[in-house]
Amino acid sequence: MNKIILALTIIIALLSLAAGTAKIMQTPQEVEFLTGQGLSLNLIMAFGIIQILGGILLLVPKTKLIGAVISLIAFTASAILVFSSGNINFGVISMIPVAILIFMIYKTIGIKKAAN
């Protein structure tokens, strides 16, 4: 089970880093979509920084839980924006990282409780 959690952690961290980098670099697709949802360029940059922070914290064992929570919030916000745009199919796909992060947080909290 630990190898599965480790693999999921790495995948979600990389996904978070990639999504945050796309926002910070202001790729045309990200900017077009997010400005269409009412976000300013400054908010897009802040969103990207938060996603990158979550991805980095996920990779550090001592900060894994806080990184998972930050990433969960960011991926949930992204999924909400996708659903609000009317793209239900992609919105459902966007919920996969959310579900994985909820599972990871549950397992991480369970591991910490068992250690005490």
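The values are calculated or read from the model by the stated rules, or taken from the named source; none is laboratory data. Predicted model only: the values in this text are computed from it and were never measured. Don't worry about glycine lacking a Cβ; one is built from the backbone with ideal geometry, like all the others, and counts go over all protein chains shown. Only protein heavy atoms, including side chains, enter the accessible area calculation; ligands, DNA and RNA are left aside. Shrake-Rupley method; radii C 1.70, N 1.55, O 1.52, S 1.80 Å.
For the range 30-55, enumerate the residues that are within 18 Å of PHE83 (Cα to Cα) and not in a helix (DSSP H, G or I). Give the derivation first.
So the first thing to find is which residues in the range 30-55 are within 18 Å of PHE83 (Cα to Cα), and the list is 30-39, 44, 47.
Answer for the range 30-55, where residues must be within 18 Å of PHE83 (Cα to Cα) and not in a helix (DSSP H, G or I): GLN37, GLY38, LEU39.
Scan the range 85-93 and give yes if some residue there is in contact with a helix residue (DSSP H, G or I) (Cβ under 8 Å, 6 or more places away or on another chain) and β-branched (Val, Ile, Thr), otherwise no.
Checking the range 85-93: not a single residue is in contact with a helix residue (DSSP H, G or I) (Cβ under 8 Å, 6 or more places away or on another chain) and β-branched (Val, Ile, Thr).
On the basis of being buried (at least 18 other Cβ atoms within 10 Å of the Cβ), more than 25 Å from GLY86 (Cα to Cα) and in contact with a Phe, Trp or Tyr (Cβ under 9 Å, 6 or more places away or on another chain), does GLY20 make the cut? Spell out how you get there, then give the answer.
Working: buried (at least 18 other Cβ atoms within 10 Å of the Cβ): yes; more than 25 Å from GLY86 (Cα to Cα): no; in contact with a Phe, Trp or Tyr (Cβ under 9 Å, 6 or more places away or on another chain): yes.
So GLY20 fails the test.
Which of (1) closer than 18 Å to TYR106 by Cα; (2) outside any helix (DSSP H, G or I) is the odd one out, the single condition LEU65 does not satisfy?
Looking at each condition in turn, LEU65 falls short on (2).
Would you confirm, using the coordinates I've provided, whether ALA7 is modelled with pLDDT under 95 and either outside any helix (DSSP H, G or I) or out of contact with any helix residue (DSSP H, G or I) (no Cβ under 7 Å at 6 or more places or on another chain) (or both)?
Details: modelled with pLDDT under 95: yes; either outside any helix (DSSP H, G or I) or out of contact with any helix residue (DSSP H, G or I) (no Cβ under 7 Å at 6 or more places or on another chain) (or both): yes.
Considered against the rule, which asks whether it is modelled with pLDDT under 95 and either outside any helix (DSSP H, G or I) or out of contact with any helix residue (DSSP H, G or I) (no Cβ under 7 Å at 6 or more places or on another chain) (or both), ALA7 comes out as yes.
Kindly indicate whether any position in the range 87-105 is small (Gly, Ala, Ser) and surrounded by 14 or more Cβ atoms within 10 Å (Cβ to Cβ). Quick ask: steps written out before the conclusion?
From the range 87-105, those small (Gly, Ala, Ser) are 91, 94, 99; that's our starting set.
When the remaining residues are screened for being surrounded by 14 or more Cβ atoms within 10 Å (Cβ to Cβ), the result is 91, 94.
Yes, the conditions are met somewhere in the range 87-105.
Of everything in the range 39-62, what is open to solvent by 60 Å² or more (accessible area, probe 1.4 Å) and either without any contact (Cβ under 8 Å) to a residue 12 or more places away in the chain or of a type in the set (Ser, Thr, Tyr) (or both)? Give them in sequence order.
Selection gives ASN42, LEU43, VAL60, PRO61, LYS62.
What is the one condition in (1) within 30 Å of ILE109 (Cβ to Cβ); (2) open to solvent by less than 50 Å² (accessible area, probe 1.4 Å); (3) in contact (Cβ under 8 Å) with a residue 24 or more places away in the chain that ILE70 does not satisfy?
Condition not satisfied by ILE70: (3).
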